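Enquirer: The following block contains the structure, expressed as structure tokens.
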Amino acid sequence: MKTEGGSPLNLNPEPHAASDRRRLRGGAPIQIGLLGCGTVGGGVLRLLAENSGYLAERAGVPLVVKRVVVRDLEKERVSALDRGLLSTNPEEVVDDPAIDVVVEVMGGETPARALIERAIDRGKGVVTANKLLLAAHGPALLARAAARQVDLAFEGAVGGGIPIIRTLRDAFASDWVERVTAILNGTCNYILTRMRDTGASFDAALREAQDLGYAEKPDPSLDVDGHDAAHKLIVLAMLAFGAQVDAADVHTSGIRTIEEADHRYADRFGYTIKHLAIGRDLGGSIELRVHPTLIPKQSVLANVSGVLNAVLLEGRAVGPSLVYGRGAGDLPTAVSVVSDVLDVARSIASGVAGMQGRGMSIKPRPVRPLGETVSRYYLRFAVEDRPGVMGRIAGALGDAGVSIEQIVQQGPTKGGAPAGGPAAREPAVDVVLITHDAPEGLVRRALDEIAREHFLREPVHLFRIEEP
């Protein structure tokens, strides 16, 4: 990893005179300041209140909330909140020398980034669940915390209550992670589960998810278009591959184009459709992509349904390891945040703050272009029902060097206007095929050629096939 000026950043600085942050506290309480008190922040307050005695035993000192910063003082909050602690001024948290740990659950880049940086510079431990901020600035924030010998913990940023950050940072510290395959967005997983199990359309399943509070109203784009999962994948790549990457380099697509027919054909071929975040260590470069994927029905990830999340890790020595559970919500995410608070508090109380970041090496790594990705593919063409169509599709793929493993024709299906022509009188039929392994660039070349054909009724449905 490098600074803006291009020089390497050292995540393992030599100890310096920071005795005030490494003092043995003699049982003095750890004072906590909370930035934000929405869904997750409310869950954090509940856990800190309900488990106060247990947490004090685990930390060796009491954990006390000293200040809670919110935008609206009048808004209704959880009953565990002492409203006398409320403030609208974040400086009362980040600049108060009595506060030891800052918990950031406000979200977004601004003003969260500046507040976290100020807290770190003032020698405070920081706990955050902000995956967007970490995806954009994680390596710089980790380097800043390491240089000042304070802890920056972020278990709640990925997978809600799933302990994936600790698993990568600690349990896999002696192994080399070669592959990450994950379901990281509960909204997408719920929608796809309902589409598969009930035959619902995307729109109907999305409305159901919104009514149940699993998807945002009025705009669920961050979830269903894949960006939330991409942010989380970037955070995982920091720990799994030691990689600093730009979000623009991560291929990201969502689930809006998936139709009931795709679930039906996937089942016919022995697959189910999941929205996956995939990372691979290729040696000099890495592969990072987020998209809908066909996986075998017998795969462990195929049976992760509803709002559950799961991360499948492949270690060079240990092999496959699966962690799964509830990936969102107030209490699952709050469990991860409070666990981080406990870790940071113990470090401060015992005089060893700043150890979480030691040994981490994060540096820029190139992301392999999507066109070079080798995979099998599911392709569905809605076409006019006339002789020669299947042959022309197969011919275009063959000319591009893409071979076909399986092919079926099914119809009629929903119609539409032929590409470049008048409204069709006859319903369309589906030509659906599975390819052998091929570079994506060759598949795209064939599809560009097929797109010029007048027999094509609508854009081709393309989904990659993985066997995690």
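The values are calculated or read from the model by the stated rules, or taken from the named source; none is laboratory data. Given the structure is predicted, the values throughout are model-derived calculations rather than measurements. FYI the Cβ positions are ideal-geometry reconstructions off the backbone, even for glycines, and counts take in every protein chain you see. Note: areas computed on protein heavy atoms with side chains; ligands, DNA, RNA excluded. Shrake-Rupley method; radii C 1.70, N 1.55, O 1.52, S 1.80 Å.
Enquirer: Restricting attention to the range 441-455, which residues are surrounded by 15 or more Cβ atoms within 10 Å (Cβ to Cβ), closer than 16 Å to G388 by Cα and among the charged types (D, E, K, R)?
Expert: Within the range 441-455, E449, E453 meet the criteria.
Enquirer: Right, something else. Against the condition over 18 Å from I183 (Cβ atoms), outside any helix (DSSP H, G or I) and open to solvent by 10 Å² or more (accessible area, probe 1.4 Å), how does G283 come out, does it pass?
Expert: Values: over 18 Å from I183 (Cβ atoms): yes; outside any helix (DSSP H, G or I): yes; open to solvent by 10 Å² or more (accessible area, probe 1.4 Å): yes.
Considered against the rule, which asks whether it is over 18 Å from I183 (Cβ atoms), outside any helix (DSSP H, G or I) and open to solvent by 10 Å² or more (accessible area, probe 1.4 Å), G283 comes out as yes.
Enquirer: Something else about it: For the range 303-338: of the residues being crowded, with 21+ Cβ neighbours inside 10 Å and hydroxyl-bearing (S, T, Y), which is farthest from Q31 (Cα to Cα)?
Expert: T333
Enquirer: Out of curiosity, is V250 closer than 28 Å to D175 by Cβ and buried (at least 23 other Cβ atoms within 10 Å of the Cβ)? Even if it seems obvious, please write down each step before you answer.
Expert: On the way: closer than 28 Å to D175 by Cβ: yes; buried (at least 23 other Cβ atoms within 10 Å of the Cβ): yes.
Spelling it out, V250 is indeed closer than 28 Å to D175 by Cβ and buried (at least 23 other Cβ atoms within 10 Å of the Cβ).
Enquirer: When R268 is evaluated against the numbered criteria (1) in contact with a Phe, Trp or Tyr (Cβ under 6 Å, 6 or more places away or on another chain); (2) in contact (Cβ under 8 Å) with a residue 40 or more places away in the chain; (3) not in a loop (DSSP other than H, G, I, E, B), which criterion, by number, is the only one it fails?
Expert: The number of the failed condition is (1).
Enquirer: Let me ask you something else. Looking only at residues in the range 364-386 that are open to solvent by 50 Å² or more (accessible area, probe 1.4 Å) and modelled with pLDDT of 95 or more, which one is nearest to R464 (Cα to Cα)?
Expert: Checking each candidate, the answer is V374.
Enquirer: Determine whether the range 78-94 contains at least one residue that is at pLDDT 95 or above, under 27 Å from the mean Cα position of the chain (by Cα) and either charged (D, E, K, R) or not in a loop (DSSP other than H, G, I, E, B) (or both).
Expert: no
Enquirer: For the range 265-296, what are the residues that are modelled with pLDDT under 95 and within 15 Å of the chain's Cα centre (by Cα)?
Expert: Correct list: empty.
This table checks each residue for (1) at pLDDT 95 or above; (2) farther than 30 Å from A136 by Cβ; (3) open to solvent by less than 40 Å² (accessible area, probe 1.4 Å); (4) of a type outside the set (D, E, K, R).
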residue	(1), (2), (3), (4)
A417	no, yes, no, yes
E426	no, yes, no, no
D430	yes, yes, yes, no
P439	yes, yes, no, yes
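Table: residues versus (1) in contact (Cβ under 8 Å) with a residue 60 or more places away in the chain; (2) open to solvent by less than 60 Å² (accessible area, probe 1.4 Å); (3) not β-branched (V, I, T).
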{"site": "S87", "(1), (2), (3)": "no, yes, yes"}
{"site": "E92", "(1), (2), (3)": "no, no, yes"}
{"site": "A112", "(1), (2), (3)": "yes, yes, yes"}
{"site": "G123", "(1), (2), (3)": "yes, yes, yes"}
{"site": "G138", "(1), (2), (3)": "yes, yes, yes"}
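Enquirer: Next up: Which condition does T413 not pass, out of (1) under 20 Å from I258 (Cα atoms); (2) of a type in the set (V, I, T); (3) modelled with pLDDT of 95 or more, if it passes all the others?
Expert: (3)
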